[in-house]
Each structure stands twice: as C-alpha cells, then as structure tokens.
Amino acid sequence: MLRATLKSLLARKVRLLLSGLAVVLGVMFVSGAFVLTDTLGRSFDAVFADAYEGIDVNVAGKPKVALSEMQGEPVPTTVPAATVQRVDAVAGVAEATGVVTTDGAQLIGSNGKVVTSFGPPQLGSNWQGESDLVKLREGRAPGADDEIVVNAALAQAGKVKVGDRVGVQTPLAPKQTFTLVGVFGYSGDRDSIGGVNEIAFTTPVAQRLLLGERDVFTNITVRAADGVSDTRLRDDVARTLGDGFEVKTGAQLSADASASLKEGLSFFNKILLGFAAVALLVGTFLILNTFSIIVAQRTRELALMRAIGASGRQIIGSVVLEAVAIGLIASVLGLGAGIGIGALLAYVFGNLAGGLTLAGIGVPASAVIGSFAVGLVITVVAALLPALRAARIPPIAAMQDVANPDRPLTRVTVTGGVITGIGAVLLFLGLSGTAGGSTLAVILGGVLFAFIGVALLTPLISRPVVSLLGAIFAWSVPGKLGRLNSGRNPRRTAITAAALMVGIALVTGVTVILDSAKGSIGALARDNIKAELVISGASAGPRPASFDPAVLEKAAALPGVQLADGEYGDMGMVDGKVTWLAASSDVTALQRIFGAKATAGDISRLGPDQMLFSSDTAKSRNVSVGSTVTVQASRGEPRTYTVSGIYESSELTSPVQLPPQAVKDFAIPKPNQGFIQLAPGARVADVQPQLETLLADSPEVSVADRDAFVAQQTGSLDSLLTMIQILLALAIVIAVLGIVNTLALSVLERTRELGLLRAIGLRRAQTMRMITVEAVVISIFGALLGIVVGVGLGAAVVRALKDEGITDLILPWGQMGLFLLLAAIIGVVAAVLPAVRAARINVLGAIAHD
C-alpha cells in the first residue's frame with residue numbers, strides 16, 4: 001500500500017505542485033515573521049548594550065506621570081545638580097556625571113528643512129567629552145553658548161559641515177542658530193548608534209533648551225571604583241538617595257529598553273502572523289479542492305484497491321500520506337523562502353531606521369517549529385475530508401462509474417448556516433463591547449466562522465449566480481460551453497471562488513472601514529471647525545510638531561484675522577487617572593471654533609484655578625460644577641482646580657480643558673496646532689502667505705485651509721490601506737493558484753469530453769475561449785462574493801464604531817468596480833496554462849482515454 005501511494009504521488013507531482021506552492025507561500029509568511037523579529041530583536045539588544053556600555057549605575061527621577069507603551073513616552077523628573085555631589089560622595093563611586101538628554105532636538109539642514117527620523121530618537125544632550133564610545137572626528141568640542149557638535153549620521157543627513165551656521169529647535173524652544181564646531185562618531189567606526197541623530201550643546205544651553213531649568217539633569221551616570229560590583233553600588237546609591245529616584249545598573253537599563261522595544265516587535269509579529277493565517281486559510285481551500293478533484297479522478301483506482309483487500313483505513317492513510325509528503329516538502333521550501341524574506345525585510349527596516357547595524361540573520365526555533373507545524377497541519381486537515389469521502393465509496397459502485405452522483409446540498413447548507421450564525425453572534429459580541437478582555441479574539445473568531453460559513457453556503461448559490469454571470473459570455477458556442485462547465489460542479493466552483501472571496505472580502509471590508517472613517521472625519525471637521533486656516537505639522541517621533549507661541553500673537557494682529565487660537569496637549573493625571581489634558585491660548589475658541597455647548601456652568605471663561613470637563617468624562621468621574629480635582633501634568637507639582645463648567649462631549653473636544661497658565665508644566669509648552677478664524681469678507685489667499693512668513697522658523701509646520709488640513713490628517717489612513725492591500729495580495733495570489741489548479745485538474749478530468757468536442761468541430765481557439773470563460777466566471781463569482789461579504793463586515797464595524805465618531809457609511813464603489821475588473825483579469829491569466837493544455841490535446845488519444 002505504501003509503494004502504491006508513493007507511485008501515485010510521483011505520477012501526480014505536477015498536479016500537486018500548485019497545492020504545495022500555496023502552503024509554501026503561507027509558511028514563508030510565518031517563518032519570515034519570526035526571522036524578522038528575531039533579527040531585529042538581537043540587533044536592538046546590541047544597540048542598547050553599546051549605548052549603556054560605559055554606565056555602571058544610572059540615577060534618574062521617577063516620572064510624575066507613568067505611561068504605558070501605548071499611551072506615550074513619559075517625561076522623567078529632573079535631577080537637581082546637588083544630587084550629583086551626593087552620589088559622587090557615596091563609597092565605591094569613581095565618578096558621577098550629570099547628563100542632559102531628551103528626544104526632540106531637531107537640526108535644520110542645509111536645504112532649510114528639518115532633518116527627520118522614522119523611528120529612532122532625535123536626541124539633544126550636553127557634551128560630556130570624548131570616551132571609549134564617543135570620539136570627535138572633525139573640529140572640536142563646543143565651548144561657547146552658540147556652539148554645537150553633531151554625530152556623523154546627522155551631519156550627513158543634513159548636509160552640514162564644521163563651520164556652518166545651522167538652525168536647531170527643541171520641544172521647549174523655537175529655532176535658534178548655532179555654529180557647528182565638531183562632528184563625532186562612535187567606536188567601531190559607526191556614524192550613529194541604532195540610527196539615532198544626536199546634537200550636543202554646552203551643559204547650560206542643554207539645560208535651558210531641553211529641560212527649561214538651570215542646574216538640573218535628566219539623569220546621573222555613575223562609574224564604579226575598581227573592585228566594586230554594579231549591583232552593590234546600585235544598592236548603596238539607592239539607599240543614600242531614598243525614594244523618588246530610579247537607580248539601575250547599566251545592564252538593567254539595556255534589558256529594560258530592549259524589553260520595551262521587543263514588546264512593540266511582538267505586536268508587529270502578531271500582525272504578520274495574522275496575514276499569514278489569512279494566506280493559509282485561502283491555501284486550505286486550494287488544497288481541499290485539489291484533493292477532492294484528485295480523489296474523484298482516482299475513484300475507480302481506489303475502488304479496485306478496496307476490491308483486492310485494502311481497508312477503508314488504508315485508503316484514508318494513502319491520501320493522508322500524500323498530504324504529509326506535500327506538507328513536509330512545502331514546509332522546507334517555505335522555511336527557506338521565509339528566511340530569505342525575513343533577512344530582506346530586516347535589511348530594509350535597518351536602512352529605514354537610519355542605518356541600524358543588523359545582527360547576523362538567525363533562524364529561531366519558533367520559525368522552524370511554526371513552519372513545519374503549520375505546513376503539515378494545514379495540508380493534512382485539508383486532505384482529511386476528501387480522504388474520508390474516498391474511504392466511504394462502495395467498491396462495486398465505484399467500478400461501475402456510479403460513485404460520483406451529485407449529492408444533495410442539504411447537509412452542507414445547514415452546516416454553513418449554523419457556522420455563519422455562530423460567526424454573526426461572535427461578531428456582535430465583539431463589536432458591541434460585551435466580550436470583556438477577549439474582544440479582539442472574539443472578533444477574529446467571528447470573522448473566521450463567517451468566512452467558513454459563507455464558503456459552505458456558497459454551493460447553494462453558485463449554480464444560479466454562475467449561470468447568470470455566464471450569460472454575459474453566452475453569445476458564442478465556446479461561451480455557452482464555458483458557462484455550463486463553470487456551473488456543473490457547484491461544490492468545486494464554490495471552493496475555488498471562496499479562496500478568492502477571502503482576500504477580496506478582507507480588502508473590501510478594510511476599505512469600507514477606512515473610507516468611512518475618512519469621510520466621517522472630513523464631514524465632522526467641515527461641519528464643526530469654524531476656522532478657515534489651520535497650523536499643524538507632521539510628527540517625526542513620539543512628540544508632535546510644535547511652534548513658537550509668539551506666532552499666535554502676531555497672527556492675531558494680521559488684517560482679516562478675527563481669532564488666532566493655539567491648542568496645547570499633554571498626557572497627565574486627573575485624580576490619579578491618566579487623561580489627555582488640553583489647553584487653549586484663547587478659551588473662547590472652545591465655543592467659537594469648535595462649537596462646544598455648555599451643559600452646566602460657564603465655559604466662556606476660565607480662571608487660573610479653574611478647569612472644564614466634557615459631559616462624558618464628568619459623568620464617568622462623578623464630577624459636577626464646583627467639584628475640586630487634582631491634576632498632575634508631565635512637569636511641575638500637582639495642582640488643584642475647581643470645575644467651573646461642563647460642555648457637551650464631541651469628537652473635536654478633549655476630556656478636560658485647563659487654563660492657558662497650565663501649559664508651562666506640559667511636556668511641550670508650545671502649541672501643536674493653531675486655528676485661525678477670519679473676519680467676514682477676509683480671503684484665505686490673502687492671509688495664508690502672511691502666516692507662512694510668520695512660521696519661517698518652524699519648517700516642520702505648515703498652514704493649510706480646512707480641506708487640506710483634513711486631507712493631511714487622514715493621509716495616514718491611505719498609507720495604512722495601501723500596506724494592508726499589499727500584505728493581502730499574497731492571499732489573492734494563492735487564490736489565483738487555486739483557479740489555475742482547479743482548471744488544470746478539470747481539463748485532465750474532462751480529457752475524453754474535450755477530445756469529443758474537438759472531433760465534432762470545436763477549434764483550438766474555441767477550446768481556449770471555453771476554458772477562459774469558465775475561469776473568468778468563477779473568478780468574478782468569487783470577487784462578487786468577496787465584495788458582498790466585505791461590505792457586510794465593514795458596515796458592521798462602522799456601525800459598532802458610531803459612538804467613536806465614525807458615523808458615515810461610505811462604500812468604495814470605484815474600488816469595488818476595480819476588484820471586479822481585476823477578477824476578470826485574474827480569470828484570464830489563470831486560464832492561460834490550462835487553456836493551452838486543453839487546446840493541445842491529441843483528439844484520437846483523448847477519445848480513447850479512459
């Protein structure tokens with residue numbers, strides 16, 4: 001039986017190739033994800049180890065507002081200069097150095113634009129001299145207040161050299177001009193560590209521009225005396241300083257930074273594995289269809305084996321063994337391809353991150369185990385159903401060619417209805433927010449059940465729908481034959497179309513959601529923002545772009561300007577709960593620009609010790625007018641405010657509103673957005689150029705009219721959609737392979753029929769047209785199914801997000817039409833090889849084929 005199975009497998013190696021290729025592509029995604037994240041993780045381990053190499057112990061102030069990774073970057077409390085002397089006096093300390101270092105110091109390059117960074121920080125620091133890690137390559141150290149040095153990577157990116165006068169801006173200060181007096185690098189002839197851009201000032205200037213205070217530091221680095229262990233010194237320093245400080249060894253700092261970054265990589269890994277799961281789901285349809293057709297073609301062969309003594313279990317084992325062989329080979333090839341893809345993506349990421357030095361490409365155990373587990377399980381599970389069906393065929397019936405009658409669709413339809421219902425219930429629970437902490441898992445389970453259920457229901461509708469679609473091509477004999485062929489086996493057509501349905505449905509659903517979000521945001525802004533011009537900029541890191549508050553005063557004095565409002569923001573705590581804090585330079589903007597309506601108290605004015613609440617936040621915090629609350633911003637001490645008013649919640653207003661005096665304690669005490677309301681009769685074209693002149697020293701910030709501002713804010717959604725479409729393209733490619741495979745096996749199955757058609761006058765070109773019509777009809781059917789399911793899923797999500805501000809359901813008619821056109825093209829492409837093979841059939845040999 002084993003020899004017979006292996007011979008059978010080798011005889012059909014070409015037929016099984018495309019099935020194996022589907023598994024290869026899915027496994028490639030799985031192994032590539034693990035290889036990528038492992039390589040990047042080890043690369044960043046090396047980066048952080050280098051960055052903290054010269055630090056035995058580090059002392060930093062505890063942040064006043066502790067934030068999670070998803071909430072933002074906490075602002076550490078500054079350390080007084082006197083603490084440096086206290087640490088230096090601890091027994092076992094060889095040297096204690098006060099350090100100033102913060103993210104957000106931006107160099108303005110020779111082209112007048114800010115040098116940006118896609119991910120790595122843009123550090124500002126105080127120059128601490130050369131060390132084993134840092135070496136000057138050109139020039140000298142900064143000695144005067146108007147002198148700086150930069151690392152070699154930043155000098156190259158900004159195209160600046162020693163002696164140039166360059167602009168620098170920080171979160172606490174507007175643009176200032178410095179003389180570049182030196183360029184430094186790092187040990188190992190590196191221009192940067194992990195793609196970080198770094199500007200170093202004299203210590204007093206660094207304190208003023210980066211911390212806003214004199215005689216304070218962000219942290220203290222400590223070098224241990226000979227013979228003193230890092231952990232012992234850490235404990236001694238912590239005991240001396242007491243509470244209020246975070247004292248860690250350099251190894252701890254490196255491990256903490258690495259763990260934080262790996263948490264983000266883990267999330268990225270899950271996204272890639274999610275797309276791999278989609279590809280494998282589509283591959284499962286392909287494998288299931290392939291084995292179903294092959295088993296159907298081998299009905300007489302299997303029946304003869306049963307007749308000469310093979311048991312049903314042996315028949316199942318024969319089919320499963322074929323699946324295991326395919327799964328093993330596909331897993332090996334997929335693992336190899338995944339290693340290559342993972343290495344390529346790591347190289348691309350390293351370059352985008354500013355020249356990250358990659359660790360050697362490694363293959364973690366998770367990649368190997370995941371590849372073989374997924375490849376084998378998917379293939380065997382997909383082949384199991386056809387194997388069971390083969391074992392149940394009565395030998396005598398099979399040998400008499402009556403083993404394959406059309407079976408009723410009742411059972412599969414009922415099963416499909418039940419599974420679809422389960423999917424609908426899970427989606428309802430997940431989207432309604434009643435699934436607790438398992439919301440994402442419940443939603444994903446609902447989508448999976450919905451896809452499987454729809455796939456099982458598809459045979460019921462395939463024959464009438466395919467017949468209707470085929471009518472478009474029924475004006476010729478090849479068209480009529482292709483139409484009949486595409487509907488002759490509803491199950492086969494349904495599985496083939498379902499593979500394409502999954503990819504198209506996901507793309508359509510995501511497009512519906514993102515287009516609806518864009519449309520809702522745009523409508524909300526156009527209907528409610530009563531400002532003709534908006535000042536804003538794109539964020540180049542964890543901190544948003546900001547500009548000098550003096551711009552607002554000058555803007556308010558321009559002819560035609562009625563109101564110039566600056567919006568400030570910070571993550572803080574209100575009565576101990578992390579909350580987004582907002583403040584306006586002009587409190588009346590809340591009503592005049594954003595249309596806020598008072599539900600209690602007075603929201604038209606705000607004293608220095610008063611604050612406002614949105615109605616939803618006030619209700620959830622049990623706050624009313626007259627209540628007192630304690631607010632802690634990123635900097636400064638806690639302040640007690642009295643609630644003087646409550647306004648109706650909307651997507652344009654913040655949970656709480658603080659007075660303008662509070663912004664001095666914000667992480668960035670500069671406005672990140674400005675809203676300009678024009679006087680009646682004033683023209684945007686007259687005022688906008690004047691505002692742009694005022695913002696000459698803030699090159700990362702621009703002025704746009706309201707529509708352009710909306711387009712700018714929603715542009716990231718377009719980028720997200722493009723990325724998702726690229727990742728889901730793999731699932732569509734696998735679906736195309738499914739159509740090719742189904743047609744190829746179908747041509748082989750109908751060899752005698754094709755010979756008879758050729759014998760009675762069907763020409764080669766007509767034969768090719770017949771196969772092409774069949775492919776196009778199946779492909780368009782799958783696309784239509786995907787569009788309907790995708791619109792349904794997208795509409796459900798949009799409905800669930802109504803309270804989050806996505807109120808408009810927008811259907812991407814243009815994209816849906818493009819998907820149908822793409823499906824027709826896919827059908828034509830998929831039909832090429834099977835059609836050519838069908839046209840080349842030897843007529844006499846085909847007629848004699850059994």
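The values are calculated or read from the model by the stated rules, or taken from the named source; none is laboratory data. Bear in mind that the values here come from a model prediction, so they are computed numbers and not experimental data. Glycine gets a Cβ as well: all are built from the backbone with ideal geometry, and neighbour counts include every protein chain shown.
With respect to ILE676, determine if the residue is buried (at least 16 other Cβ atoms within 10 Å of the Cβ), hydrophobic (A, V, I, L, M, F, W, C), closer than 30 Å to LYS62 by Cα and not assigned by TED's automatic domain parsing to the domain that holds ALA517.
No, not satisfied.
Anything in the stretch 182-195 that is aliphatic (A, V, I, L, M) and either out of contact with any strand residue (DSSP E or B) (no Cβ under 6 Å at 6 or more places or on another chain) or surrounded by fewer than 22 Cβ atoms within 10 Å (Cβ to Cβ) (or both)? List them, or say none.
VAL183
Is it fair to say GLY636 is at pLDDT below 90 and of a type in the set (Gly, Ala, Ser)?
It is true that GLY636 is at pLDDT below 90 and of a type in the set (Gly, Ala, Ser).
Assess whether ARG234 counts as being outside any helix (DSSP H, G or I), closer than 29 Å to ALA46 by Cβ and modelled with pLDDT of 90 or more.
no
Of the conditions (1) outside any helix (DSSP H, G or I); (2) modelled with pLDDT of 75 or more; (3) among the charged types (D, E, K, R), ARG837 fails just one. Which one is it?
Here ARG837 meets the rest and fails (1).
Evaluate the following for GLY92: is it surrounded by fewer than 19 Cβ atoms within 10 Å (Cβ to Cβ) and on the phi > 0 side of the Ramachandran plot?
Taking the combined requirement at face value, the residue satisfies it.
For residues that are crowded, with 17+ Cβ neighbours inside 10 Å and assigned to a loop (DSSP other than H, G, I, E, B), tally how many sit in the stretch 213-230.
Summing the residues that are crowded, with 17+ Cβ neighbours inside 10 Å and assigned to a loop (DSSP other than H, G, I, E, B) in the stretch 213-230 gives 2.
Looking at ALA835 and the list (1) surrounded by fewer than 20 Cβ atoms within 10 Å (Cβ to Cβ); (2) farther than 30 Å from LEU444 by Cα; (3) not β-branched (Val, Ile, Thr), which single condition is not satisfied?
It fails just one condition, (1).
Please enumerate the residues belonging to the stretch 124-160 that are buried (at least 19 other Cβ atoms within 10 Å of the Cβ) and of a type in the set (A, V, I, L, M, F, W, C).
Answer for the stretch 124-160, where residues must be buried (at least 19 other Cβ atoms within 10 Å of the Cβ) and of a type in the set (A, V, I, L, M, F, W, C): TRP127, VAL134, ILE148, VAL149, VAL150, ALA153, LEU154, ALA155, ALA157, VAL160.
Right, GLY566: buried (at least 20 other Cβ atoms within 10 Å of the Cβ), out of contact with any Phe, Trp or Tyr (no Cβ under 6 Å at 6 or more places or on another chain) and either farther than 25 Å from PRO121 by Cβ or modelled with pLDDT of 95 or more (or both) or not?
yes
Which condition breaks for ALA823 when tested against (1) among the small types (Gly, Ala, Ser); (2) under 22 Å from ALA471 (Cα atoms); (3) under 23 Å from the mean Cα position of the chain (by Cα)?
In the conditions (1) among the small types (Gly, Ala, Ser); (2) under 22 Å from ALA471 (Cα atoms); (3) under 23 Å from the mean Cα position of the chain (by Cα), ALA823 misses (3) alone.
Search the stretch 430-448 for residues being of a type in the set (A, V, I, L, M) and farther than 21 Å from PHE275 by Cβ, and hand back the single one that is modelled with the highest pLDDT.
Looking at the filtered set, the residue picked out is LEU431.
Can you tell me which of GLY790, GLY814, GLY794 is assigned to a helix (DSSP H, G or I), closer than 30 Å to LEU524 by Cβ and free of Cβ contacts under 8 Å to residues at least 12 places away in the same chain?
GLY814
Can you tell me which residues in the stretch 426-459 are in a helix (DSSP H, G or I) and either farther than 26 Å from ALA382 by Cβ or touching a strand residue (DSSP E or B) at 6+ places or on another chain (Cβ under 7 Å) (or both)?
Result: PHE428, LEU429, GLY430, LEU431, GLY436, GLY437, SER438, THR439, LEU440.
Return the residues of the stretch 679-688 that are surrounded by 11 or more Cβ atoms within 10 Å (Cβ to Cβ) and not small (Gly, Ala, Ser); say none if nothing qualifies.
VAL684, ASP686, VAL687, GLN688
Just a yes or no: is a residue in the stretch 426-433 exposed (fewer than 15 other Cβ atoms within 10 Å of the Cβ), of a type in the set (A, V, I, L, M) and not assigned by TED's automatic domain parsing to the domain that holds ALA494?
Checking the stretch 426-433: not a single residue is exposed (fewer than 15 other Cβ atoms within 10 Å of the Cβ), of a type in the set (A, V, I, L, M) and not assigned by TED's automatic domain parsing to the domain that holds ALA494.
Take the residues in the stretch 482-530 that are of a type in the set (Val, Ile, Thr) and surrounded by fewer than 22 Cβ atoms within 10 Å (Cβ to Cβ), then tell me which one is farthest from the chain's Cα centre (by Cα).
ILE529
Residue by residue through the stretch 359-375, note down the ones that are of a type outside the set (Gly, Ala, Ser) and outside any helix (DSSP H, G or I).
Passing the criteria: ILE361, VAL363, PRO364.
Please go through (1) under 23 Å from ASP515 (Cβ atoms); (2) surrounded by fewer than 16 Cβ atoms within 10 Å (Cβ to Cβ); (3) touching a residue at least 24 places away in the same chain (Cβ under 8 Å) for VAL828 and return the number of the only condition it doesn't satisfy.
VAL828 satisfies all of (1) under 23 Å from ASP515 (Cβ atoms); (2) surrounded by fewer than 16 Cβ atoms within 10 Å (Cβ to Cβ); (3) touching a residue at least 24 places away in the same chain (Cβ under 8 Å) except (1).
Assess whether SER644 counts as being at pLDDT below 90 and either assigned by TED's automatic domain parsing to the domain that holds TRP580 or of a type in the set (Asp, Glu) (or both).
No.
I'm checking my understanding of the structure. Among residues of the stretch 136-169 that are part of a strand (DSSP E or B) and over 38 Å from the mean Cα position of the chain (by Cα), which one is farthest from ILE193 (Cα to Cα)?
Looking at residues that are part of a strand (DSSP E or B) and over 38 Å from the mean Cα position of the chain (by Cα), I get ARG165.
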